[in-house]
Amino acid sequence: MSTLSPSAPSPKVKRRPSTRKRAPSHLPQVQTQETHDTALHAIRNVLKGRTSYDAFPVSFRLIVLDTKLNVKKALQCLLLNGVVSAPLWNSEKSKFAGMLTVLDIIHLIQYYYDTANYEAAAADVETFRLESLREIEKSLGVATPPMLREHPSSTLYEASKVLIQTHARRLPLVDYDTETGQELVVSVLTQYRLLKFIAINCTREIQQLHLSLRKLKIGTYVSSTPPPQSPENHNPYWPIATATLNTPVFEVVHMFSERAISAVPIIDEDGVVVNLYETVDVITLVRLGAYQSLDLTISEALNQRSPDFPGVVICTAGDSLGTLLQLIKKRRVHRLVVVEGEKGRLLGIITLSDVLRYVIGEVGIGGAVESIEKLPLDNPPSPDVSS
């Protein structure tokens, strides 16, 4: 019979090493101003190390319009190809000649409605050539857009700075033929394409951009104080341009032209956002020859809107910058209307320009400001950037 002897040493048991890996912690990482700032700097470093070529989609088509084309044919070309802008080409000089945008057409409509009647406007738009658009802008007294360009091999960071400094929404990429020395339009880099590139290639970083849009001062918000020297019936949503369903379309066209904006929130008597009227909606009417439709109300005009309209994208001031960039990754977004309350009362509007301006660094980061050098727009153009 065996007994346990306390005096005898017990044999040591050797443990086999565990092959199981320790599970990662599921506790959320502590998010601070420092982690937010670090993520922004990392995104900028990515843009400084990548060229505009890297932002090209796998497959794309480029529409280039001759400046000798008349406006009606140019509009048909844009809308049939599902684009709202295109580079211009001077075939006589074999040279890049700027960009045609929706705002150019808005200026043209504004000009003819100020100086002529419906019949004259309709007749002239049929024959008006693209090469004369700059004269219209001078007549209206609006700023002539700078002749921007960038080389495709320039960094995305440099391209972003050009977009910010000039308030442009798109940047033509122009190369040179090594044999002939002539210019060659390669593509157009848009704000949306830039921000989508960030959203796709900086997934880890945008998860750290947790601070709210309002705290970061991204966007334009309704001011609590009226503008100086404002009349008694001033816009209560200043500085945001607004309209109602009963506003004539042409009044909104005037807002587009005068303020160089591309969309106006449509609100009811309580300030609740019910829709959004865009420059593209006006262009559709003009292409159809419905010049007199500009006297319709917004409500009537919206009935003629294309069924492909994606709808109004809204957010709250408490949403984060990271959430916004994730949305841009999933769907095409050009602006967001900021609302408050259960009913969705208008609080502000955020454009892609606002987002890009913050991400690139025109605003302060954690108390420090990263300033952007001003381009010498008044000086002769450099080989890569022309004014």
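The values are calculated or read from the model by the stated rules, or taken from the named source; none is laboratory data. Everything numeric in this text was worked out from a predicted model, so none of it was measured. No Cβ is skipped: glycine too gets one built from the backbone with ideal geometry, and neighbour counts run over all protein chains shown. To get the accessible areas, we keep the full protein, side chains included, count just its heavy atoms, and leave off ligands, DNA and RNA. Shrake-Rupley method; radii C 1.70, N 1.55, O 1.52, S 1.80 Å.
Observations
- Pairs with Cβ under 9 Å, 6+ apart, first in the range 219-232 and at pLDDT 80 or above, second hydroxyl-bearing (S, T, Y) and outside any loop (DSSP other than H, G, I, E, B): G219/T351; T220/T351
- Selected residue (only one of S299, S293, S382, S353 is at pLDDT below 80, surrounded by 14 or more Cβ atoms within 10 Å (Cβ to Cβ) and out of contact with any strand residue (DSSP E or B) (no Cβ under 7 Å at 6 or more places or on another chain)): S293
- Taken together, R149, R61 contain a single residue that is of a type outside the set (A, V, I, L, M, F, W, C), at pLDDT 85 or above, within 23 Å of the chain's Cα centre (by Cα) and open to solvent by 40 Å² or more (accessible area, probe 1.4 Å), which is R61.
- Annotation note: of L133, L184, L140, L156, the sole residue that is more than 18 Å from the chain's Cα centre (by Cα) and open to solvent by less than 40 Å² (accessible area, probe 1.4 Å) is L133.
- Selection status of Y237, among the aromatic types (F, W, Y) and assigned to a loop (DSSP other than H, G, I, E, B): yes
- In the range 42-58, residue surrounded by the fewest Cβ atoms within 10 Å (Cβ to Cβ) [restricted to those that are part of a loop (DSSP other than H, G, I, E, B) and modelled with pLDDT of 95 or more]: G49
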